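Comments concern the structure below.
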Amino acid sequence: MNVTPEVLKDYVFGELSPADRRAVEAAVASDGALRDELARLQVTQSALFSLREEELPRRIAFVSDKVFAPKWWQVWLASGPRMGFASAVLLAGAIVVHGFAQPKPAAAPAPVIDQARLEQRISEEVAKALPAALEPAEKRYSMQLASAMKEAESKYQQMRLDDQQAMAAAYDLFRQKQAAQVVSFLNNSGSVVQ
């Protein structure tokens with residue numbers, strides 16, 4: 001029997017008669033290439049049998065089918081401007097309902113105020129309380145002013161002393177330079193005269 005790949009497939013799936021099976025087994029035992037092909041087919045068979053069986057889908061759905069079309073409320077909720085409008089309408093409705101639902105308070109009679117008496121009383125209270133409130137502040141201010149004056153006077157005196165010392169030092173330096181020039185002049189003129 002001539003063993004072809006189709007015959008090997010039939011052997012692997014058990015579709016040969018017992019006489020043909022023995023002939024294929026003898027051919028595989030004597031040929032190494034057939035042995036390799038048989039091993040490859042057996043691996044493929046075990047992989048196929050390891051898959052679970054699933055029922056084929058009865059209908060294939062397309063994206064354009066109405067089954068996948070969003071509901072009316074999903075379309076409406078997905079729109080930002082519509083949601084903004086809806087929230088504005090709800091807010092306006094809540095404000096209107098709140099305005100009508102609030103009970104109106106009974107109007108209380110306005111108290112009568114004598115403006116002249118009120119101003120008179122305020123000026124009297126201010127006249128009483130103002131000197132007592134200003135006294136500590138005036139004391140603090142006068143103490144701060146005296147302290148600042150003392151500090152300024154001492155700074156002024158120190159600056160005056162510093163200026164006097166600087167003037168004295170500058171005057172001494174000037175006198176020394178002048179004396180040195182006079183001596184130099186006399187030495188030069190004495191040598192010219194001789």
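Values in this text are rule-based calculations from the coordinates and carry no lab data. The structure displayed is predicted, hence computed values, not measured ones. In this analysis, Cβ positions are derived from the backbone assuming ideal geometry, glycine residues included, and neighbour counts consider all displayed protein chains.
Considering only DSSP states other than H, G, I, E and B, which trypsin sites (Lys or Arg not before Pro) in region 1-56 qualify as loop sites with at most 15 other Cβ atoms within 10 Å? Provide the component values of the computation, followed by the final result.
Details: sites: K9, R21, R22, R35, R40, R52; in loops: R52.
Counting only loop positions with at most 15 other Cβ atoms within 10 Å, the trypsin sites (Lys or Arg not before Pro) in region 1-56 are R52.
Compute the angle between helix 18-30 and the longest alpha-carbon principal axis of the chain, please, reported from 0 to 90 degrees and rounded to the nearest 10. With both axes taken from Cα atoms, the answer is about 60 degrees.
Working note: Cα gyration tensor of region 116-183, eigenvalues times five, square-rooted, sorted largest first, giving semi-axes of 63, 10, 4 Å.
Angle of helix 80-101 to the longest C-alpha principal axis of the chain, folded into 0 to 90 degrees and rounded to 10: 60°.
Excluding the sites themselves, what is the longest stretch of the chain that contains no chymotrypsin sites (Phe, Trp or Tyr not before Pro) in a DSSP loop with at most 14 other C-beta atoms within 10 Å? Intermediate values should be presented prior to the final figure.
Details: sites that count: F13, F62.
Formally, the longest exposed-site-free interval is 63-194.
Just to verify a number: FRET efficiency for R175 and E151, C-beta to C-beta distance, R0 = 45 Å, to 0.05? Here the calculated transfer efficiency is 0.80. From the largest down, region 5-50 spans 29, 23, 14 angstrom on the principal axes of its Cα atoms. Nearest 0.05, what FRET efficiency do A168 and K128 give at R0 = 41 Å with Cβ-Cβ as r? Computed FRET efficiency for A168 and K128: 0.10.
In plain terms, the C-alpha convex hull of the chain casts an average shadow of 60.3 nm² when viewed from every direction.
Taking each DSSP H run with n ≥ 4 as -39500 (n - 2.57) and averaging over every residue of the chain yields -27000 deg cm²/dmol at 222 nm. For K9, the aspartates and glutamates whose Cα comes closer than 12 Å to its Cα, not counting residues fewer than 8 places off in the same chain, are E37. Here the calculated FRET efficiency for A33 and E53, from their Cβ-Cβ distance with R0 = 30 Å, stands at 0.35, rounded to the nearest 0.05.
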